[in-house]
Each structure stands twice: as C-alpha cells, then as structure tokens.
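A quick write-up on the structure given underneath.
The values are calculated or read from the model by the stated rules, or taken from the named source; none is laboratory data. What you are looking at is a predicted structure, and each value in this text was computed from that prediction instead of being measured. Note: ideal-geometry Cβ built from the backbone for every residue, glycine included; neighbour counts use all protein chains shown. Keep in mind that these areas ignore ligands, DNA and RNA; they rest on the heavy atoms of the full protein, side chains included. Shrake-Rupley method; radii C 1.70, N 1.55, O 1.52, S 1.80 Å.
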Amino acid sequence: MILLLASAALAGCSPKFEWRTITNDDGRFSVMYPAKPTLDERMLPIAGHQLKMQMQAARAGDATFAVGAVQLPSDDPKLQRAVLDLLESGLARNIGIDMRPRKIQIPLTEDGKFVDGEALSGDGKVAGRSEHRMVSARFAIRGQRVVQAVVIADKPIPPEQVEQFLDSLRLY
C-alpha cells in the first residue's frame, strides 16, 4: 500500500509530456512538441535589416521547448551566417555558456536528406540574475530561413525528452 501511494505521489510530481507533431509552414519546419505550442511573431533589427522572427513554444514541466525561424529577404550566405551567429551568441550569452557550437546534420522532410547545422548545449547562470538554466539547441540555415530549436530548463529534465524534441526537427 505504501509503495502504491509513493508511486502515485511521484507520478503527480513528474511533468506530463503529451507529444504531438506540429508543422509550421511559415517557418518551414515540423517538430514534436510535448504540449500545445503558442506562436509569437516580431520584427527584429538584425544585420541592418528588419527581419520577421516567429517563435513557436510549449512548456512542459520545468522546460520550454521552442523553435524560432527568422525569415530572410534572400538566401545571401553572408546574411544567413550573420543571423545564425547572432542567434547562437545571444543564446550563449543569455544562458552563460561557452559558445563552441559543434557541427551536426539536421534532417529534411525528404527521406534521407540533411542540411548542415550546429548545436550548442550547457548550463549556466542567466545574465544579470542568480538563476541557472540548462540549454540544448540546434541551428540550421535552409534557403531564406535560419531556424533555431531549443530546450531551456530551470531544472534537469530527462535527456530522452530533450532528444525527442530536438531529434524530431525536420526542415523543408
């Protein structure tokens, strides 16, 4: 009986993950979110341009799972790289982690095809606060989009939840 009560108490404390695949046509990606996401858009001054950034995010437990897509006016490699560098450095600075992205491949929705991407992860102190966060992120360029998928958590969450989200990202 005590074991049953303890199991029920622990189940009530663990975050609920209700995975669903969401396709975002403006951002040109699909990903599995652990909860129903919200959508926010804003114009950002980046590299001398006013660029639209769309952020789709869901919260589960102590973590936020988000994908941001910056729409570019062209597929100019210099602008693509400037936006990618800005997203990576901003995340690293805000969370207080070293910016040493590692090279990865991000799948496309077309079977067996990939684009080059970059990944950052670590944990650190939030800029200007005493709070700590853990972060895992992936970044990619695809045509006129720079995409960032990120999990930011207040407390450690199961790595398989982070991997399920990040590994489900598909660009088209």
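Descriptive notes on the structure:
- Note that the stretch 20-31 has calculated 3J(HN,Hα) couplings of 8, 8, 10, 9, 10, 5, 5, x, 6, 8, 10, 7 Hz, one per residue in order, obtained from phi through the Karplus relation 6.51 cos²θ - 1.76 cosθ + 1.60 (θ = phi - 60°); glycine and proline are x.
- Under 12 Å from Lys36, Cα to Cα: aspartates and glutamates that are on another chain or at least 8 residues apart: Glu18
- Rounded D (µm²/s) - the stretch 53-172, Kirkwood Rh over Cα pairs, Stokes-Einstein at 10 °C, 1.306 mPa s: 108 µm²/s
- Rolling a 1.4 Å probe across the protein heavy atoms gives the stretch 47-172 an accessible surface of 50 Å² per residue.
- The chain - percent of accessible surface contributed by carbon and sulfur, probe 1.4 Å: 53 percent
- Cross-link reach is defined here as a Cα-Cα straight distance under 25 Å, omitting same-chain residues fewer than 8 places apart; for Lys113 the lysines meeting it are Lys78, Lys103.
- Sequence-distant contacts, meaning Cα pairs under 8 Å at least 6 residues apart, place the relative contact order of the chain at 22 percent.
- For the chain, size of Cβ-based charge dipole, Lys and Arg +1, Asp and Glu -1, in debye: 240 debye
- Highest to lowest packing among 121-127, 71-77, 164-170, scored as the average C-beta count within 10 Å: 164-170, 121-127, 71-77
- Counted over all Cα-Cα pairs of the stretch 75-116, pairs farther apart than 12 Å make up 69 percent.
- Set of aspartates and glutamates with alpha-carbon distance to Lys16 below 17 Å, sequence-local pairs under 8 removed: Asp62, Asp154, Glu160, Glu163
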